[in-house]
Every structure is written in structure tokens, then in C-alpha cells.
1. So if I place +1 on the C-beta of Lys and Arg and -1 on the C-beta of Asp and Glu, and nothing else carries charge, what would the dipole magnitude of region C:89-200 be about its Cα centre? I want it in debye, nearest 20.
2. As I understand it, the value is the acute angle between the Cα axis of helix C:2-18 and the longest principal axis of the Cα atoms of chain C; what does it come to in degrees, rounded to 10?
3. Would you pull out the residues with amide H under 5 Å of C:Asp377's amide H, same chain only if 5 or more places away, H placed 1.01 Å from N?
4. Mind checking region C:224-277 for trypsin sites (Lys or Arg not before Pro) that DSSP puts in a loop (not H, G, I, E or B) and that have at most 14 other Cβ atoms within 10 Å?
5. Set Lys and Arg Cβ to +1 and Asp and Glu Cβ to -1, take the dipole of region B:108-257 about its Cα centre, and tell me which of B:Leu204, B:Ala225, B:Gly214 lies farthest positive.
6. How big is the charge dipole of region C:45-411 about its Cα centre, in debye rounded to the nearest 20, if each Lys and Arg gets +1 on its Cβ and each Asp and Glu gets -1 on its Cβ?
7. Summing Lys, Arg as +1 and Asp, Glu as -1, what charge do residues with Cβ under 14 Å from the Cβ of C:Tyr307 carry, C:Tyr307 excluded?
8. For A:Met213, what residues show an amide H to amide H distance below 5 Å, using hydrogens built from the backbone and excluding near sequence neighbours?
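Values quoted throughout were computed directly from the atomic coordinates according to the rules given, and no laboratory measurement underlies them. These numbers were taken from a predicted model, which means no experiment stands behind them. Note that we place each Cβ from the backbone using ideal geometry, even for glycine, and neighbour counts take in every protein chain shown.
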Amino acid sequence: MSQTTRKKLGFTCAYTPLPIIAAAGFSPYRVLPYDCSSAIGASQFLHDNLCPHIKLVLERAISANVPDELVGMVFINSCDAMRRLKDAWVLVRPQDKVIQLDLPLNFNASALSFFASELRMLAEEIGNFSGKALCEDVLLESIGEYDALAENFSLLRTALREGRLPGGAFTLQRLYNIASEAPLAQAQAEIAALLANLPNTAKKTDSPRVFLMGNVLANIDAFAFFASCGVEVIAEDLCTGSRLFPRYRLAEEEGDIFTKIAHAILTQPACARTFDNQNPCHFATRAIEMIKKSGAAAVIIQTMKFCDPYLARLPLLFESLHAENIPFLFLEGDCSLRSLGQYKTRLEAFVETIQ
Amino acid sequence: MIYAGIDIGSISTKVALLDEEKLLGTLVSFSGYNAEAAAKRVFEEILAQHGLRATDVAKVVATGYGRASVAFADKAITEITCHAAGAYFSDGEVRFVIDIGGQDSKAIELGEGGQVKNFLMNDKCAAGTGRFLEVMARALELDLEKFADFSLRADLPAPISNICTVFAESEVISLIAKGEKRENIIAGIHSAIAARVSAMVIRLGGASAVMMTGGVAKNAGLVSALSEKLQTTVKVSPYAQENGAIGAALLARRLLK
Amino acid sequence: MLKEHFATLERRLAEQIAQGEDNPRKLYALEVARFGQRLYSGEHKIAWTGVLAPFELLNATGVTSCFVEFTGAMLASMGFSSTFIEESQQGGFGSDMCSYHRAILGAQRKGLIPSPNFLVATSCPCSGGMAVMEILAHSFQKPLLVLHIPQEENERNVRYLANQLEELHNFIAQEAKEPRDDAKLAQAIEHANRTRETLLELYELARHVPSPVANNDLANFAYIINLLMGTPHGTRLAQNFVDAFAKRVRAGSSGVDGEKRRLLWIQNRIQFKNPFISLLEKEYRAAIVIDEMNCVTWEKIEPQDPYMGIARRIIGNPFNGPAQRRLENLQRLARAYRVDGALNPCNWGCRQGAGARGIIGKGLNEIGVPVLNLETDCADKRNFFEGQLRTRLAAFMEMLEENAQRKGNEQR
């Protein structure tokens, strides 16, 4: 059954094992935080001072602004806000099949074994829900499809970095969003068409080349906005962007298929909530590595308000960027273009300083 | 027996007199800087208007931000409880009361008999209060009294995205500079306040049988914006500004008998 | 500075107690002072931890440990937190963060938090707390162990956490340079079980109508009890209160003179000096008969199988798992303690706790318990607006009064 005709299982976090959802016969659908003007309904359940991402996601559930085919959600226990989102979602949409995966905070043998069993549980539960047990062959095929998607996005990111992607970061984000919401085949078809027509040479531009990092920024108009302020985003580290479709590389891992998938997820490009016991400042270290690898001249850090994992890591990140003489601008938003509009002067001033 | 309720607000002080059966009268005056003096002044004035003396009044309840300063009051009761009582007196069907005052805004849920069942207050920032409107009126060089008429003539309300009064003022100035019509700006301002205030009502779990009280309720444009946000007709108390004082007088009659 | 503070506090309290002022709250305060001395003496092995760290393991290995939020609370109660919060903001930590966490981060920047031997982070209750542990581990350059506490209570998850706890025990022994001693742990568990029994007795007494609990009696009680878990000190503190409350109950006297209203306090108390508690007692005769933090939700632990028992306790904590679990516990407490209303401070920056504000409020309303959300800051006095809180509290108490009158009329 193609993903076009399938029921959908929603997700909200880049750590979600999409191949398992697809292999069980559902079409994964990211419930993106559309700008609903405000999350009035969400405040009935949750405090106003929670991250705008989950409030806007909840608002979509409250206002029934989700596809009719949506029959359930796979939540990840990634942070307090995600836990509260799940708590509220089950009240707003009691008809949905809701599963929450417990995501370990760091990577070690026992965390790997635990998360593998979580994934096994997920496969069994959504298999039962679909009425058809999930089989390994189908799962391997699904992983292959998502690895192919990951590979295509990698090519797109290379093109972006080299200045060869028409529309730049706007185009890339648009495709991330399509791949998040639409059936996989549709997304792949569009990406393939674009890859087939990529120019060989980079578009000349005087705009400073910037690395964009943060958490949730799915609003494609934000990318157009950055460009209008004179910034060329050449790479990003966002959970609605490059962290979204990791490669599973199963052949390289040991253990059964769920252990391999668990390994891939626990070692994928990490959000600030993930720990590295041996290296407590890994978030900043990893950020510097990515920025240098991208060849960007400067960094824009755009996070949503009230995101505790990011709030706490920012001072060390800023310190590290200062130490490396990497210019940066910090913006705090609410998933909408509304708040970014306030930053026009800052962005333009930032461009003037780095040009 | 006669009962009195006095509502000492930051801008105006209101008084109401009741007897055993009906509302005898109300009076609104300015507060000034001395809450007790203001309370005494309006109390004496309304008594004089009705040919009464202080000794004719059985009980007095004070409410509002200056309630603790009224030494001659028999009891101080919060404006939440008083506004609920006053609204229920005007309309026994009301279930949610919105009161936008000079410095705060409240949403109150009423139980079957008009008692307070739940309430929410915004007293932490000026957005969504009368102060917000004053700031905007200054920016638009318009009397606040004209706001309603202007907004009702809007053809396309200009969205005001900032929730902070200070930033919203800058945004309004930018809109003026862009040549946006004042009608549309004011409609946008009303919409912004309505969004903030209606959120409190929705948080209380309802959006029907809503009544607005407080001086700002005289602004038909804002009432219209609230009605739109809540998707229900928001009624306006016939005694919008004096509602708190009436409620206080009712409570003086009910509680202190 | 803090070392001297605790030393002075201990001396003063010991003198007062020697002169006969030996009420249970003073004895509790003395224990806190002694605990603070051990933490700041520089002579003891210490660890900074998350809230749900298994303190029996730490105490059994001779390590004085404290969860960072309690340190933030202590700083607030001493009147220092606002200074350190400002310091943390100067260090780049945003004002949206929990004020307990900012207080300790600021104090650490000022060199006022002693360097530990190691750190133990716990994934429950909050992401913010985890992040603070990471920052401290980086700043102190000391080993960090992270306990992943699964959300759902089932055998697999309990086993998973139990295995982590055993690893933790080895980690503690290694970092503290003490041999791992299972016999000492078994003994610590026995102490913990005795503490549990005494707490059950204590909280049962608090249910009495009128309640023997005065509003400050059991403020922050569970925190220090948890920190002393596995030692005889916690049992002794609890027993002091049991004796005092039993005496009050026998005498027919109440903790709050003329108790008129019974309240449930949700999550944390307001830590700095403020008139709220006194206002509740004197003006409204309202007794905080139960704090959400002060209840026993765990079964006795088998001393010979400590890790599984502790794991079950941690996973079963109402702050772990879905908000529904927490709500059910609150509803249970509200019913058991016959409360008229509940107060929820909704501490600024608390995503995990205050995050579920509406779910909790609605759930308590459904069983006829109104909730007042204070929307205040429990650790930063600059964010405490007395006038506004008085108005909200007054309106809430008026509401409870009306409810009581209606109930009285209905029963007639």
C-alpha cells in the first residue's frame, strides 16, 4: 500500500523512528507548528510558558487542524515540554492511538539495550494497531527507503553549501517540510527532480555565508526573510531540518535490527537534550565542529522561547564561539514569522558587521 | 435598610446604594491619590443626593484596589467577588464575566447562584488592560472615547503582533508611518486585547453567556472584537462602570445581614 | 560565607534548643544546619545530584549529597538567591529558566558552591535540572553519571533502572574511594523503611480534623527527609513531629488556631521570607494540611534486593510519568485530607510541574476542589508581587467561604 492511501501516525520529534511507522503500514506525518496566531486553546491544559512548538502543535489538535487520516501519535520523551504535550494530546484526542517512546539521555550499552526494546515494543504495538504484525523484511525495506531519503537530503545540503541549490535554504526547508508531511514517494519524487536539475556552478552572491542552528524553525517564510536581510544560509542544524532524517547505516552496526536502529538514533546528530557523560560540553564542541566544517563565516542561533535544554547550553556555546572568533547572532522566536519580523534591524546590522 | 458598596479604582471611585429591594442609585467620581478621601467624598455625595445620612446606611462594603484604606467600611471584599455579584444582579443567566480595568483584567466564572466558581487575573503586565488602550490613544492622537466608532469603521484590521504594550506602541507608530488608516489600526488594537482577554475566558473552560463589566466595556469596538474571538455575543452590563460597587452593595446586604 | 552561615545557624539553634525551645521545627532546622555544614565544610565527600537520586546509596557510602534545587531553595530562604540569579543572568543564562536553577548557577559562578567529588543527574523531574547538572560537571570538571528514569512503571523498566542503580553504587564507591558495602546499604534500606513507617504515621495524624499541622511545620519537610534517607536522622525528625502532632490531637488543638479552611499546597513552597503563610493562618485561619511533596507513594523496600525496590520507588514517584498520574495522587490527597482548596505557586520557569497547570486545575475542579494559581516565583523575591497575590488569595478565600456556606446550607 503506498503511503498516499495510508492512515497517518503523527510525530513531533526528530528522534522518531520513522521507518518503523512506515513499515507498520502507516504514513508518518509530522505535526508541524503552523502559526495559529496564538495558542489560546493550549492554555486550557498547559502553562503559557511552555515552548511555542508544542503549544502550536497542541493547538492544531484542539482546532482539529490535522489530517482526517491521522489516527495516532508517536511521541518521544525528549523533554518536559514533549511530555506535557503528550499529556494534553490524550485529553484533546482520546480517540488517537498514542505511544510514547522513552528516549535515553546518553549512549551506553544499557541505554542501547533499553531503547532497542522500546523500539521492539513500538513495532509490536503499532503492528497490532494496524492489524498486521511487522516483519523484518518490510522493516529493512522501509529503512532502505529512509536511508535513500537521507542520502538525497545530504546531496541537497552539499548543493546548498556550494551555492548550487536554487532558492537556497528556503527550498531545502520546503522539502524537509514536504518529506515530514507528505508520503515518502511524493517527497522523493520532488527531491529527485530537483537533484536532476541542479546547476553545476554556484550562484554568485555577496551575502555572507551563515550557519543557522537551533531547534524548531519550520516556517519557510523565515528562510526567505533571512535572505531578504542579506544573509545566505549555507548549512543548518535544526530539528525541523538536517537532524530530521538520519542515516541508519544498519550494515555497520551489531545486534538485531532493533538494536541497530536504536544505535543509529542514539548516535544521530543530537539535540541539546542529549548528554555525553564523558564530555559535558559536547553541545558547544559539536556546534563549533559543524560550523567550521560548513565553511560559514558566521552563525545565527535561532531558538524558541522557553526551551530549557537550549537555554542552559547557550552561555557555553556563546563562550566557545567567542573563543573561536566566530561572529554570531542570537534570536529567540515563537515558531512564527511575527517574532522574526522584530529582528530585521538586528539581522541587517549583523550582516553589516560581518561583511 | 440601606446598603452601600464603594469601589475604589486607580482612576475612578464608584458608589452604589441599595435598599431591601432595589438599586437606589450610583455615582462615579475621580479617585485622586487618596483612596480613603475619595471613598468618603463619593459616599457623602450619594447620600446627599438621596437625602440620606451615614447613619441611615446599615452596612458598607469596600472593594477595588483601595478597599483596605476605607476605615468606615464594615468589610473589604475583592473586586472579583463583587464584579461577579454585580454581573449576576444585572443578568441571572451570565456565566462568565470579563472586567477590563485600568491596570488589570479579569475573567470570572460564575456558578449557578452567581457565586465565583473560578477566576483568572492578568495583573502582571499592561497588555490587555485599560492602560494599553491609553498608550495607544496617545500614539494615535485620539481621544479614547472615539476608539469604538473608529474601529467599527475598519475595513481590514491591521494585526498588532506584539503582546507587550511598549513594543505594540512602536508597532502602531510604524503602522501610522506606513500610512495605515487609524480605523484599521484601532481595530487591530482591539483584536489584540480581545485575543489576550478571551484566552482567559477559554482557559476557564467556556465561551458563552459572557458579560463585560468595567469602564472599558463602554468601548463597543472592543466588545465586538471579544464577541468575534469568543464566537458568542458578549453582553455589556447596563452598569458597566459601577458594576463592582453594585456587587459590593449586594454583598453588604447579603453577607452582613 | 555559607559555611559560616550554617555554623552560626547550628550554634544558635543548639543554644535555643538547650534552653528548652525544642519544638520539632527547630530540631528540623538544626538538622538542616548540620547538613549544610557537612556540605560546606570541605571535610566531607560530597555529591551534587538530581531530585530523585537514591540518597540511601550515597549515605551508605558516606557521601553527603544534595539535589541542586534544594541548594537553590536554601539560598532563597537565606535571602541570597536574587543576587545569584542576577549573577547567572550576567553569565548568559536566560531569565526564562527556573529560578532555583539560576540561583545555583549564579552561586557556582561566584565560587560559593563547593566542588563535589562527583555528580549524579536524574532525568526526572526535569530537563532544566539535567542541564544544570551538565553545566556543573563541566565547570567543576568532575565525573557525572546520568540516571535515565523511564516513565512507565513495568517490570522491564524497573529492572533497567535497578541495573543503573547498581552501576551507580559502583560509581559512588569508586569516586568516593570507599569499598562498595552491600551490608551497609541493606542497613540503610532498613533505616529508610523505618523512616517510611514514621512518615506514614505523621501524615496520617495530619489528616485529623482539625489538623495538628501549623503552616510552617512541614514546609520543605520531604526534601530534607529524602536527603537523610537511609540514616536514622530522618526517622528521628519525623518522630519528633509525630510526637508533637499526637499531643495536639489528644488535646484537641489545631496547628492553625481556629482552623476554618483546609488547603493542599501543590509542588514547592515559596522559599524566601514572605507574609503569605502568616496571612493564611491569621487572616483566613487556613491550614496547609498537606503538601504534595510530603506524601509517601512507595512500598517498603526489601533490604536484600535494594535496587529493585528503590527503582520501583523512583519510577512510581508521581512527578515521573504522565501528568495524569500526578493528578490522581493530588486527587487522592485532596480527598484524604478533606481539603477545601489547593494553592499552586506555578513557579516561574517550571516546565515539568507548572507545565501541567490546566490539567491539574481541571482535574481538581472536577472533584470539587478549586485551585488558585499564584503565578509567582518561589526562589526570586524580585518576582514576588505581594499586593497582587493578596488580592488573588483574598478572592480565592472568599470563594471558599461561599462554597462552605453553600455546602452548609445544602446539608441542613
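1. For this selection, approximately 480 debye.
2. Compared with the principal axis, the helix lies near 60 degrees.
3. Hits under the 5 Å cutoff: C:Trp348.
4. Values: sites: C:Arg236, C:Lys247, C:Arg248, C:Arg250, C:Lys260, C:Arg261, C:Arg262, C:Arg269, C:Lys273; in loops: C:Lys260, C:Arg269, C:Lys273.
Sites meeting the loop and neighbour criteria: C:Lys273.
5. B:Leu204
6. In debye, rounded to 20, region C:45-411 gives about 500.
7. Values: positive: C:Arg159, C:Arg180, C:Arg312, C:Arg313; negative: C:Glu56, C:Glu155, C:Glu166, C:Glu167, C:Asp182, C:Glu302, C:Asp305.
Residues near C:Tyr307 contribute -3 overall.
8. It is A:Asp237, A:Ile300, A:Ile301, A:Gln302, by chain and number.
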